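S.K.: This is the structure I have questions about; it appears just below.
The values are calculated or read from the model by the stated rules, or taken from the named source; none is laboratory data. What you see is a predicted model; the values in this text were computed from it and never measured. Glycine gets a Cβ as well: all are built from the backbone with ideal geometry, and neighbour counts include every protein chain shown. Accessible surface is based on the protein model in full, side chains and every heavy atom, while ligands, DNA and RNA are left aside. Shrake-Rupley method; radii C 1.70, N 1.55, O 1.52, S 1.80 Å.
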Amino acid sequence: MIEEIKMDYERILIVDDEEITRMMLRRVLEEAGYAVLEAVNGLDGVEVCLRERPNAVLLDVRMPVMNGFDACRAIRQEPAICFTPVLILTALDDVVAVQLAFEAGATDFVTKPINWALLAQRVRYALRARRIELQLRESETRLARAQRIARLGYWRYEMDADWINLSEELRQLLGGAARGMTGRELLRHVARDDWPRVNRFIRDLLRDRAAENEVECRVVLGEGQIRSLLVSADAARDERGQVNTLFGVAQDVTERRDAEARLSYFAHFDPVTGLPNRVLFRDRAAQAIAAARRKGNRCAMVKIAIHQFQKVSAAFGIAAVDQALLRLADRFQSVLGACDTLSRFEGADFVAILADIHDAHEAALIVQRVAHAGEEPIRLDGRELRVATTIGIALYPDDGADIDRLLHHASSAQTRVRELGGTGYQFHTADLHQQTMARLSREAALYQALERDEFVLHFQPQLDLRRRRITGVEALLRWRHPEWGLQMPDQFIDILEETGLIVEVGDWVIRQACQEIRALPLTVSVNLSPRQFRRPGLARRILALLDDLAFPVERLDLEITEQLFLRDEQEAIATLQALRDGGVRVSIDDYGTGYSSLGYLKRLPVSLLKIDKSFIKTLAEDRADQAIVRSTIELCHALNVSVVAEGVEDRRALDALAAMGCDVAQGYYLSRPLPMDRLIGWLEEASSAF
Ligand code: C2E
Ligand code: CA
Ligand code: CA
């Protein structure tokens, strides 16, 4: 079977004005297997070239209309044919013509008279060079395209010259960098945070100690845009084994990293609300629990269920539910602390872990804010919708030591909310819940007590043991609540202290005490809480107040406790000094219950010491108490400090104290604290009895 072979001749264009030369050339070339085209001058040659696209052109120099140099230049300027090999025919001795030929862009030259035997070889050589060039160009283009697709760039670093050459693609990756630069210049493209890593990588590479041959680093493009490059490197060595060149590729992995980040985001966050999902929440909760354990603190597990969402989706559609959840998540988040974690588990169930909680009350305050946040109507597309929340709280470590127990107990507390009527919140332990609720309502009531005029003072008389006369009273605070009746300090002083209300209330006590006692020939003792005492400007404020009331300073006595000197002793002393300079007396209350060292009496400007009632109660029987009280009195007197005994409940204690030289006695045996009207009656009747 004979196959039809379609020969693909390579075509050569001959451009010469002499017909005889054209004929000769044609014969030689056709014999060598080429197809031949002809043109008679330069202009004609360029036109045929454009139309026929020959594989090579033979150009005579001297021709009418357009000479060979100009024709060559014209071919080089036509993009479609500019790479065509052009051989120029020049006279043998014309060196200038050869030079002009190359300047015009000729591929080669052929001398005249033509060496016919060599001509075909010359042409073949030019064609082959052209083919190789074409192949190279094509593979380069292909490589460049592949690199562009892979976002892969090459680099090569000559160590001695300190010079890096970058491939086109890598220059693009760096946001249009120069073709070459020094190592330092290149490093400037790298994000500063990554410098140590990159430097370490290069160092290890040079010492041949690199564990990996790639490093990832971020490069900074203009306008703060950042790209992640994965750079791989290899070292080449000179004949002595010294590294002289580093080279490698750099790949843009930004999109991959972004995708990974997105994946990891969805692995840890709820797509609807952007809150941590169950997986991340457990991790955060574990951290909160561990931190609480370490610090001996608490944390609270709070489950929040949102109800009536079925109605929302029925009325507004599913998308509205997502929107409502997002709003709620934002609100809840805004009332939580920075260390607390809020999460959505599924549906309309949120869970929060409150870190760094000291007691149930603190948790309750936060949960109250969460509950309020849930009550606010949600506006969607111009319509308002309301949801209800039930919240259950469990405390670590009180209700459980691990996440699952806490979650379980928080859920059961939530169930109890539902049983009890639907909305609000509950602690896991019913007791705790009651206590916390009581405390919260107390707190709320105290905020209004002052303006509602619910505070009153009772006064307890103090007997001067030498003169056997009532010379002073201690003012003691009472809270008359319209429903709960008369409240004693141990039921509310702590709350005043914690809320800071004590500062305002304390001012009221001093003013009130001075006003009430002014008409009587007595001194008045007022208790100062630590928070009040530590407030800057205390001495100045009190002195101004006394001045305002025209109350003699020496008739006021301020009682403070020793615990004040446990910290900031210097500041405490400065305040005491200022008070004493103003003429106000200061006494140490509850002596013997705390830190109890008389050593500080030497350093502190105090005028009175009140021995705590625990020593006085059993004074008559207990020899140890007697010894303590006696030596305390002696020491105080030596330091010019007077002594008051508190809690004198019977005659025997009173007599014993008198015998020991105690200055003043106070206690139920003399009188309970009394309101002013009864105090006046008491003073008239009973004082003569002592
Ligand atoms: P305190 O300063 O040690 O006050 C003496 C307490 O002992 C008073 O209790 C008083 O009623 C009680 N008491 C007096 N005589 C006897 C007795 O013979 N036997 C017994 N068992 N107790 C006696 P009260 O009024 O309940 O006050 C308790 C504490 O509340 C006070 O202890 C004081 O620390 C604080 N407090 C009272 N009023 C104020 C105030 O206006 N400001 C501040 N910061 N604290 C106050
Ligand atoms: Ca007192
Ligand atoms: Ca006391």
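S.K.: Which residues, counting only those in the stretch 642-668, are more than 16 Å from ligand 2 (Cβ to nearest atom), in a loop (DSSP other than H, G, I, E, B), at negative phi and in contact with a helix residue (DSSP H, G or I) (Cβ under 6 Å, 6 or more places away or on another chain)?
M.R.: Hit for the stretch 642-668 is CYS662, nothing else.
S.K.: Here's another thing I want to ask about it. Only one of (1) within 13 Å of ligand 1 (Cβ to nearest atom); (2) under 18 Å from ARG555 (Cβ atoms); (3) buried (at least 22 other Cβ atoms within 10 Å of the Cβ) fails for ILE517. Which number is that?
M.R.: (1) is the only condition that ILE517 fails.
S.K.: I've got another one for you. Checking ALA236 against (1) crowded, with 18+ Cβ neighbours inside 10 Å; (2) in the same structural domain as ASN213 (by TED's automatic domain parsing): exactly one of these is not met. Which one?
M.R.: (1)
S.K.: A further question follows. Filter the stretch 669-680 down to residues that are assigned to a loop (DSSP other than H, G, I, E, B) and surrounded by fewer than 16 Cβ atoms within 10 Å (Cβ to Cβ) and give me whichever is farthest from ligand 2 (Cβ to nearest atom). Please lay out each step first, then the result.
M.R.: Taking the stretch 669-680 as the starting set, the residues that turn out to be assigned to a loop (DSSP other than H, G, I, E, B) are 669-673, 675.
Now narrow it down to the ones that are surrounded by fewer than 16 Cβ atoms within 10 Å (Cβ to Cβ): 672, 675.
Values: ARG672: 14, PRO675: 18 Å.
Filtering first and then ranking leaves PRO675.
S.K.: Since LEU457 meets every condition but one in (1) more than 10 Å from ligand 1 (Cβ to nearest atom); (2) more than 25 Å from MET437 (Cα to Cα), which condition does it not meet?
M.R.: Condition (1) is where LEU457 drops out.
S.K.: Answer with yes or no whether ILE542 is open to solvent by less than 10 Å² (accessible area, probe 1.4 Å), under 47 Å from the mean Cα position of the chain (by Cα) and within 16 Å of ligand 2 (Cβ to nearest atom).
M.R.: Numbers: open to solvent by less than 10 Å² (accessible area, probe 1.4 Å): yes; under 47 Å from the mean Cα position of the chain (by Cα): yes; within 16 Å of ligand 2 (Cβ to nearest atom): no.
Spelling it out, it is not the case that ILE542 is open to solvent by less than 10 Å² (accessible area, probe 1.4 Å), under 47 Å from the mean Cα position of the chain (by Cα) and within 16 Å of ligand 2 (Cβ to nearest atom).
Every residue, every condition in (1) within 16 Å of ligand 2 (Cβ to nearest atom); (2) in contact with a Cys (Cβ under 9 Å, 6 or more places away or on another chain); (3) under 21 Å from ALA645 (Cβ atoms); (4) hydroxyl-bearing (Ser, Thr, Tyr), yes or no:
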| residue | (1), (2), (3), (4) |
| --- | --- |
| ILE560 | yes, no, yes, no |
| GLN577 | no, no, no, no |
| VAL586 | yes, no, yes, no |
| THR593 | yes, no, yes, yes |
| LEU601 | no, yes, yes, no |
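S.K.: What's the total number of residues in the stretch 471-513 that are open to solvent by 20 Å² or more (accessible area, probe 1.4 Å), more than 21 Å from PHE533 (Cβ to Cβ) and either of a type outside the set (Lys, Arg) or near ligand 1 (Cβ under 10 Å from one of its atoms) (or both)?
M.R.: 9
S.K.: Of the residues in the stretch 173-184, how many are out of contact with any Gly (no Cβ under 7 Å at 6 or more places or on another chain) and not in a helix (DSSP H, G or I)? I'd like the intermediate steps shown before the answer.
M.R.: So in the stretch 173-184, the residues out of contact with any Gly (no Cβ under 7 Å at 6 or more places or on another chain) come out as 174, 176-184.
If we keep only those that are not in a helix (DSSP H, G or I) as well, we get 174, 176-182.
Of the residues in that region, 8 qualify.
S.K.: Continuing with this model, one more query. Given the criterion of a type in the set (Asp, Glu), away from ligand 1 (no atom under 16 Å from the Cβ) and either assigned by TED's automatic domain parsing to the domain that holds GLU516 or in contact (Cβ under 8 Å) with a residue 12 or more places away in the chain (or both), identify the matching residue among ASP612, ASP581, ASP590. Explain how you work it out, then say what you get.
M.R.: Details: ASP612 fails: away from ligand 1 (no atom under 16 Å from the Cβ); ASP590 fails: away from ligand 1 (no atom under 16 Å from the Cβ).
That would be ASP581, the only listed residue that is of a type in the set (Asp, Glu), away from ligand 1 (no atom under 16 Å from the Cβ) and either assigned by TED's automatic domain parsing to the domain that holds GLU516 or in contact (Cβ under 8 Å) with a residue 12 or more places away in the chain (or both).
S.K.: Out of everything in the stretch 559-572 that is more than 13 Å from ligand 3 (Cβ to nearest atom) and surrounded by 13 or more Cβ atoms within 10 Å (Cβ to Cβ), what residue ends up being modelled with the lowest pLDDT?
M.R.: PHE565
S.K.: Also: Would you confirm whether any residue within the stretch 147-158 is open to solvent by 40 Å² or more (accessible area, probe 1.4 Å) and farther than 15 Å from ALA250 by Cα?
M.R.: yes
S.K.: Taking the conditions exactly as written (open to solvent by 70 Å² or more (accessible area, probe 1.4 Å), assigned to a helix (DSSP H, G or I) and without any contact (Cβ under 8 Å) to a residue 12 or more places away in the chain), does ARG630 satisfy them or not?
M.R.: Working: open to solvent by 70 Å² or more (accessible area, probe 1.4 Å): yes; assigned to a helix (DSSP H, G or I): yes; without any contact (Cβ under 8 Å) to a residue 12 or more places away in the chain: no.
Taking the combined requirement at face value, the residue does not satisfy it.
S.K.: Something else: Could you tell me whether the stretch 302-323 includes any residue that is open to solvent by 10 Å² or more (accessible area, probe 1.4 Å), touching a residue at least 40 places away in the same chain (Cβ under 8 Å), out of contact with any His (no Cβ under 9 Å at 6 or more places or on another chain) and part of a loop (DSSP other than H, G, I, E, B)?
M.R.: Checked the stretch 302-323: at least one residue is open to solvent by 10 Å² or more (accessible area, probe 1.4 Å), touching a residue at least 40 places away in the same chain (Cβ under 8 Å), out of contact with any His (no Cβ under 9 Å at 6 or more places or on another chain) and part of a loop (DSSP other than H, G, I, E, B).
S.K.: Can you find even one residue in the stretch 580-595 that is surrounded by 15 or more Cβ atoms within 10 Å (Cβ to Cβ), more than 16 Å from ligand 3 (Cβ to nearest atom) and farther than 30 Å from ALA544 by Cβ?
M.R.: No.
S.K.: Say whether the condition of being away from ligand 2 (no atom under 16 Å from the Cβ), farther than 24 Å from ALA438 by Cβ and touching a residue at least 24 places away in the same chain (Cβ under 8 Å) is met by at least one residue in the stretch 522-535.
M.R.: Checking the stretch 522-535: at least one residue is away from ligand 2 (no atom under 16 Å from the Cβ), farther than 24 Å from ALA438 by Cβ and touching a residue at least 24 places away in the same chain (Cβ under 8 Å).
S.K.: Would you be able to say whether some residue in the stretch 614-637 is under 21 Å from SER525 (Cα atoms) and away from ligand 3 (no atom under 16 Å from the Cβ)?
M.R.: So far as the stretch 614-637 goes, yes, one or more of its residues are under 21 Å from SER525 (Cα atoms) and away from ligand 3 (no atom under 16 Å from the Cβ).
S.K.: Within the stretch 185-232, track down each residue that is assigned to a helix (DSSP H, G or I), over 19 Å from VAL249 (Cβ atoms) and free of Cβ contacts under 8 Å to residues at least 24 places away in the same chain. Before you say what the answer is, go through the steps one by one.
M.R.: First, the residues of the stretch 185-232 that are assigned to a helix (DSSP H, G or I): 185-187, 192-206, 222-224.
Then drop every residue that is not over 19 Å from VAL249 (Cβ atoms), which leaves 185, 192-193, 195-196, 199-200, 203, 222-224.
Scanning the stretch 185-232 gives GLU185, ARG192, TRP195, PRO196, ASN199, ARG200, ARG203, GLU223, GLY224.
S.K.: Another one. Counting only residues that are among the small types (Gly, Ala, Ser), touching a Ser or Thr at 6+ places or on another chain (Cβ under 8 Å) and surrounded by 15 or more Cβ atoms within 10 Å (Cβ to Cβ), give me the helices (runs of 4 or more DSSP H) lying completely in the stretch 343-459 with at least 1 of them.
M.R.: Values: elements: 360-375, 403-419, 430-449.
In the stretch 343-459, 360-375 are the helices (runs of 4 or more DSSP H) which contain 1 or more residues that are among the small types (Gly, Ala, Ser), touching a Ser or Thr at 6+ places or on another chain (Cβ under 8 Å) and surrounded by 15 or more Cβ atoms within 10 Å (Cβ to Cβ).
Listed here are the residues, each with its yes/no results for (1) surrounded by 14 or more Cβ atoms within 10 Å (Cβ to Cβ); (2) assigned by TED's automatic domain parsing to the domain that holds GLY222; (3) out of contact with any Lys or Arg (no Cβ under 8 Å at 6 or more places or on another chain).
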position	(1), (2), (3)
LEU134	no, no, yes
ARG142	no, no, yes
ALA161	no, yes, yes
ASN165	yes, yes, no
GLU168	no, yes, yes
MET181	yes, yes, yes
GLU185	yes, yes, yes
